[in-house]
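Coordinate-derived values only; no laboratory data. A quick note: this is a predicted structure, and the numbers were derived from the prediction, not measured. Note that we place each Cβ from the backbone using ideal geometry, even for glycine, and neighbour counts take in every protein chain shown.
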Amino acid sequence: MTRPLDGITVISLEHAIAAPYCTRQLADLGARVIKIERPGVGDFARAYDQRVDGEASHFVWVNRSKESLTLDLKQPTALAILLELIAGADVLIQNLAPGAAARMGLGGKALQAQHPALIVCDISGYGADGPYRDKKAYDLLIQSEAGFLSVTGTPEAPCKSGNSIADIAAGMYAYTAILAALLQRGKTGKGSHIDVSMLESLAEWMGFPMYYAYDGATPPPRSAASHATIYPYGPFPVGDGGTVMLGLQNEREWRVFCERVLLSTALASDARFDANAKRNSNRETLRSMIVEVFSTLNTSEVLERLDAAQIANARMNDMAGLWAHPQLAARDRWRDVGSPAGPIPALLPPGRQSAFEYCMGAVPAIGEHTEAILKSLGRSANDIAALRVAEAI
């Protein structure tokens, strides 16, 4: 069994989410990912919580299949080890504070002068230049700067995403950029320097609301879990206390919805609702009509009517429901991976592959692979002991 990135070595100066999420995707495809952590404390995301048998939820999510090497990069002996690893690597990725990597001599230009085939990927909040270059950037701050908060929430108040959407966007663009750079290197033999910013990544995902507000036009309103411009499209309460999400895309579906779900043929031709723009303008009146019908039904009955009418719908799930989702179970999407706390369940990466199996390795303990990596570089037991005494590892 071979994987697409077998033989590719990635060195990562990473913490939190964006870079670790990127490198986990690379590890899923078979790359060897060596995660550099601070001695004693490691990636600060290890301490976010203790929700997974004592391990942090963020950390176990984005750090499986990696090797953990602890280095105090302020010490010359530790930095020398890192440089030795980089000399034999294919990719270096980092999301340290702005300018930190360059101050250690790990900037893309300097490294590529020594290693022309090396791919260097920097992830930052705002990019390597421009007036915002040195600003601190956390996920919520980027959600704000990218306008995400302005279109997410209720009319009364903005709302952040329930997950780290700016970090995830940056991590995914770094991942795809590195894959593209590896393909390009296969053609030219030359590496590249990749500069990924969280702001630019999330701004790309804001394409619809940006164009909707083109040339000073009114932006999409915040509409909670409903669609901002299509109606009915969103959550509706049901008689048993559940919530059903449904969505209509065209006038044919509107007629079917009225006839087969609401059981009201007359409503389909009601002048207040016979076009999406009218339904959107009169959404509160229409909502009360839909809720009145749904209040006499339980969740299963509403979903059955919607399915029979081929109207797009979903049950509003919670995390317990997602863990137990029958579709994930039916498609065999769960695997057990190792961790310092023992085996934990993990989802396979999206995209079922016929050509290879994804790597589903363990989440490493802090510095778990330090000694093995140093020995592979030719360090003796005495050398390693001396590094420990100096707290360089």
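Under DSSP H, which helices of the chain have Cα atoms covering 20 Å or more of the helix axis and a Kyte-Doolittle average no less than -0.5?
Long hydrophobic helices here: 165-188.
Peptide packing for 100-107, 328-335 was compared via the average number of neighbouring C-beta atoms within 10 Å per residue; ordered from the highest value, the list is 100-107, 328-335.
Bridge orientation summary for region 33-192: considering DSSP beta bridges with both residues in this region, about 20 percent are antiparallel. Charging the Cβ of each Asp and Glu at -1 and of each Lys and Arg at +1, and nothing else, the dipole of the chain about its Cα centre rounds to 540 debye.
Give me the distance between the Cα centres of region 204-273 and region 345-393, rounded to whole Å. Cα centres, region 204-273 to region 345-393: 49 Å.
Taking the average, over residues, of other Cβ atoms within 10 Å as the packing measure, peptides 47-56, 11-20 rank 11-20, 47-56 from highest down. Does region 179-327 come out rounded, prolate or oblate, given a ≥ b ≥ c as the square roots of the eigenvalues of its C-alpha gyration tensor, rounded meaning a/c under 1.5 and, failing that, prolate meaning a/b above b/c? Cα axes put region 179-327 in the prolate bin. Beta bridges per DSSP, both residues in the chain: antiparallel share near 40 percent.
With the simple model of a label 7 Å out from the Cα in the direction of the Cβ, A213 to A320 spans 3.9 nm. Note on the chain: dipole from Cβ charges, positive end direction compared against A117, A217, I81; the farthest Cα belongs to A117. Taking 0.36 nm per residue of separation and subtracting the Cα-Cα distance, full extension of the segment from A110 to A308 would add 65.0 nm. Projecting the Cα atoms of A268, N282, F236 onto the charge dipole of region 233-316 (Cβ charges, centred on the Cα centre) puts N282 farthest toward the positive pole. Given +1 at the Cβ of Lys and Arg, -1 at the Cβ of Asp and Glu and no other charges, the dipole of region 290-393 around its Cα centre is 320 debye to the nearest 20.
Take every Cα pair under 8 Å in the chain that's 6+ residues apart, average their separations, divide by the length, and report that relative contact order as a whole percent. Relative contact order for the chain comes out at 19 percent. Count Lys and Arg as plus one, Asp and Glu as minus one, and take only other residues whose Cβ is under 15 Å from that of D129; the net charge is then -1.
For region 233-316, the relative contact order comes to 45 percent (Cα pairs under 8 Å, sequence separation of at least 6). Here the relative contact order of region 1-105, from alpha carbon pairs under 8 Å that lie six or more residues apart, stands at 35 percent.
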